[in-house]
Amino acid sequence: MKKLFGTDGIRGIANREPMTAETAFHLGRAGAYLLRDKIDPKILIGKDTRISGDMLEAALIAGICSMGVNVLRAGIISTPEVAYLTRTYNANCGIVISASHNPFDHNGIKYIRGDGFKFTDSEEEEIERIYFENHSKDEWPIGKNIGRIKELSQAEEKYFNYIKSTLPVKFTLMGYKIVLDCGNGASCLIAPRFFTELGAELIAINDKPDGTNINFNCGSTHPASLREEVLKQQADLGFSYDGDADRVIAIDEKGNIVDGDQIMAICALNLIKKGQLPNKTVVTTLMSNVGFDKVIEKAGGKVIRTNIGDRYVLEMMKKNKAVLGGEQSGHIIFTKYSTGGDGLLTSLQLMKILQEEGKPLSNLASVMEKYPQIIMNFEVKNKEKFFKNIHIEKIIKKIKNQLADDGRIFVRASGTESLIRILLEGEDKNKLENISLDLREVIEKEDI
């Protein structure tokens, strides 16, 4: 059972356990300890734009170098960039300092393997074992054996050229008016440049990070500002990224949100049409809308569902040899090109399909009928007590009976925040709203 790592690395409020400089130092040592017998071991580090990134980066680097392992410092880059560059520079592993879509005062640390894939549960457990048992306490290299830091001045350029290579040779966005919401995060440096160089008429918003404005009323979890700008500019569409740019949400020309389910549906149908979706299979999570299953099945395809988290999507994709998978939140994985969710890559793949189909985004997104959903988040002090509470158990059982075959309730604990997330889904929105009010009343009364 993991104590530090959640579904996507270690998360918390910066300068509070476990996101302190001291913990970061010892985590750096624990990760480096695994590499102590490698020849010329090195770890690549990237971060998003949070004010606490410098502090945690410095502590991690100190810990890694104190174990005699070298550091490749890439600066402010996205999670998918770290994954790609870790492979490109033949690093033994990569580390991303980011709390993704969470507020600026939070931060996180996630490890990426040398092949670009996120650490597995067992690999994270091994780092925790070394950390808690303090295996590295007696190993302090001296002299020339202390690790060094190398600045990667060409990191962004390498990733830029790679993403460009995934597109047709003469691919252009000339004639498109596009709004980008960079969420004041890691995409600020590369995404606007990419769309501009491809010829789009570009309007970038939330592209001036100051360390404290990342994800603040912007980015993929707050699409209202993007919607407003798309309509104001009469743009063809807009894209909104989260803090570390591994997810994307779109807004069509009419101002409608196009979420991860719809983006996956558009991509899957295009691949099925071209005979490029093996076994016509797509992998998604338990949170995806039932409308997604229906549109894929209507096209003769198959949907496989798995646990929440892009790492679990990827594991299921590998198991079933699927080339497309993702989450409603906008993590979309194209295994032909990447080892995880990549917001920029997904945006460009979607633009390629828009050109191939010759249709606006609203038309393509309309093929999927979204069933009404209500997503509720409850901040709790103790997640275990929530699931053991008899009054909450009773109301959840009652709701399951109420929805029967016409809908579902899905309850889970967040792996990255002190939250319980509840999904209500069904054909009748009014019924769902009444159920949600009853549920909220019971949960808030318990004060867990």
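The values are calculated or read from the model by the stated rules, or taken from the named source; none is laboratory data. All values reported here derive from a predicted model rather than from experimental measurement. Quick reminder, even Gly has a Cβ in these numbers, built from the backbone with ideal geometry, and neighbours come from all protein chains shown.
Here are a few things to note about the model shown:
- The residue pairs whose first member lies in the range 124-151 and is in the same structural domain as residue 111 (by TED's automatic domain parsing), whose second member is assigned to a loop (DSSP other than H, G, I, E, B) and polar (S, T, N, Q), and whose beta carbons are closer than 8 Å, counting only pairs six or more residues apart or on different chains, are 130/136.
- Condition met for residue 403 (buried (at least 17 other Cβ atoms within 10 Å of the Cβ) and modelled with pLDDT of 90 or more): no
- Candidate set: the range 382-399, residues that are surrounded by 12 or more Cβ atoms within 10 Å (Cβ to Cβ) and of a type in the set (Lys, Arg); chosen: the one nearest to residue 430 (Cα to Cα): 398
- Sub-8 Å Cβ pairs linking a first residue in the range 30-46 that is farther than 14 Å from residue 109 by Cβ to a second residue that is in a helix (DSSP H, G or I), at least 6 apart or interchain, are 33/130; 34/126; 34/127; 34/130; 41/32, ordered by first then second residue.
- Qualifying residue in the range 69-91 (condition: small (Gly, Ala, Ser) and surrounded by fewer than 20 Cβ atoms within 10 Å (Cβ to Cβ)): yes
- Listed by position, the strands (runs of 3 or more DSSP E) inside the range 164-266 whose residues that are of a type in the set (D, E, K, R) number at least 1 are 177-181, 201-205, 248-252.
- Any strands (runs of 3 or more DSSP E) falling wholly within the range 315-427 and containing at least 3 residues that are outside the structural domain of residue 116 (by TED's automatic domain parsing) and either closer than 22 Å to residue 179 by Cβ or among the β-branched types (Val, Ile, Thr) (or both): none
- Within the range 188-213, tally of residues that are at negative phi and of a type in the set (Gly, Ala, Ser): 3
- Criterion violated by residue 175 - all others in (1) under 30 Å from residue 254 (Cβ atoms); (2) out of contact with any helix residue (DSSP H, G or I) (no Cβ under 8 Å at 6 or more places or on another chain); (3) touching a residue at least 60 places away in the same chain (Cβ under 8 Å) satisfied: (3)
- For the range 200-209, the count of residues that are assigned by TED's automatic domain parsing to the domain that holds residue 247, closer than 23 Å to residue 83 by Cα and in contact (Cβ under 8 Å) with a residue 60 or more places away in the chain is at least one.
- Any chance residue 274 is among the basic types (Lys, Arg), touching a Gly at 6+ places or on another chain (Cβ under 6 Å) and either modelled with pLDDT of 95 or more or within 27 Å of residue 416 (Cβ to Cβ) (or both): no
Every residue, every condition in (1) farther than 16 Å from residue 33 by Cα; (2) out of contact with any Phe, Trp or Tyr (no Cβ under 6 Å at 6 or more places or on another chain); (3) small (Gly, Ala, Ser), yes or no:
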site: 124; (1), (2), (3): no, no, no
site: 133; (1), (2), (3): no, yes, no
site: 145; (1), (2), (3): no, yes, no
site: 164; (1), (2), (3): yes, yes, no
site: 169; (1), (2), (3): yes, yes, no
site: 175; (1), (2), (3): yes, yes, yes
site: 180; (1), (2), (3): yes, no, no
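- Criterion (under 18 Å from residue 416 (Cβ atoms), outside the structural domain of residue 208 (by TED's automatic domain parsing) and of a type in the set (D, E, K, R)) met by exactly one of 87, 50, 29, 113: 50
- Failed item, numbered, when residue 39 is tested on (1) under 19 Å from residue 242 (Cα atoms); (2) modelled with pLDDT under 95: (1)
- Filter pass, residue 280 being without any contact (Cβ under 8 Å) to a residue 24 or more places away in the chain and surrounded by fewer than 19 Cβ atoms within 10 Å (Cβ to Cβ): yes
- Being at pLDDT 95 or above and within 26 Å of residue 219 (Cβ to Cβ) is true of residue 152.
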